[in-house]
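Engineer: Provided herewith is a single structure, encoded as structure tokens, for subsequent inquiry.
The values are calculated or read from the model by the stated rules, or taken from the named source; none is laboratory data. These numbers were taken from a predicted model, which means no experiment stands behind them. Virtual Cβ from ideal backbone geometry, glycine too; neighbours counted across all protein chains shown. Please note that ligands, DNA and RNA were not included when accessible areas were found on the heavy atoms of the full protein model with its side chains. Shrake-Rupley method; radii C 1.70, N 1.55, O 1.52, S 1.80 Å.
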Amino acid sequence: MSRAQNNARGRNDETPEDLPAASPAKLALALFGYTVARMLLVVVVAAVILFGGRAVGVDVPFIVAAVFGVLIALPLGMFLFKSLRLNVNTQIAAIEAQRRARHEDLQARLRGGK
């Protein structure tokens, strides 16, 4: 099973050395970029539906264009912004690995080891 499949199933075999350096600020920036890209995609798809309908003589209500924009952009964004999504996942995995390492270190010190 590949590392990506393990991560998708909730199993993370990566050690902190395998992952890039991460911080909450890097995660926030990656998540912000991914969110903005997805929202812009919704706006673009809704605008295409809205103005495309007007171009062919159909008056599409704004709410209908918005709903279809969201429905179309959801799966489309998964493919178009795969690298952004993987960056967010990598940042989350790195922060989780750091947290796990700190937790294990604390547990070892509490047991009297180290």
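Engineer: Looking only at region 88-114, count every residue that is closer than 23 Å to A37 by Cβ and open to solvent by less than 70 Å² (accessible area, probe 1.4 Å) and tell me the total.
Structural biologist: Summing the residues that are closer than 23 Å to A37 by Cβ and open to solvent by less than 70 Å² (accessible area, probe 1.4 Å) in region 88-114 gives 6.
Engineer: Quick check: is even one residue across region 66-73 open to solvent by 70 Å² or more (accessible area, probe 1.4 Å) and closer than 30 Å to A21 by Cα?
Structural biologist: Checked region 66-73: no residue is open to solvent by 70 Å² or more (accessible area, probe 1.4 Å) and closer than 30 Å to A21 by Cα.
Engineer: Next question. Please specify each residue of region 37-65 satisfying the condition of being surrounded by 13 or more Cβ atoms within 10 Å (Cβ to Cβ) and part of a loop (DSSP other than H, G, I, E, B).
Structural biologist: The one that is surrounded by 13 or more Cβ atoms within 10 Å (Cβ to Cβ) and part of a loop (DSSP other than H, G, I, E, B): V60.
Engineer: When G69 is evaluated against the numbered criteria (1) under 25 Å from I92 (Cα atoms); (2) modelled with pLDDT of 95 or more, which criterion, by number, is the only one it fails?
Structural biologist: G69 satisfies all of (1) under 25 Å from I92 (Cα atoms); (2) modelled with pLDDT of 95 or more except (1).
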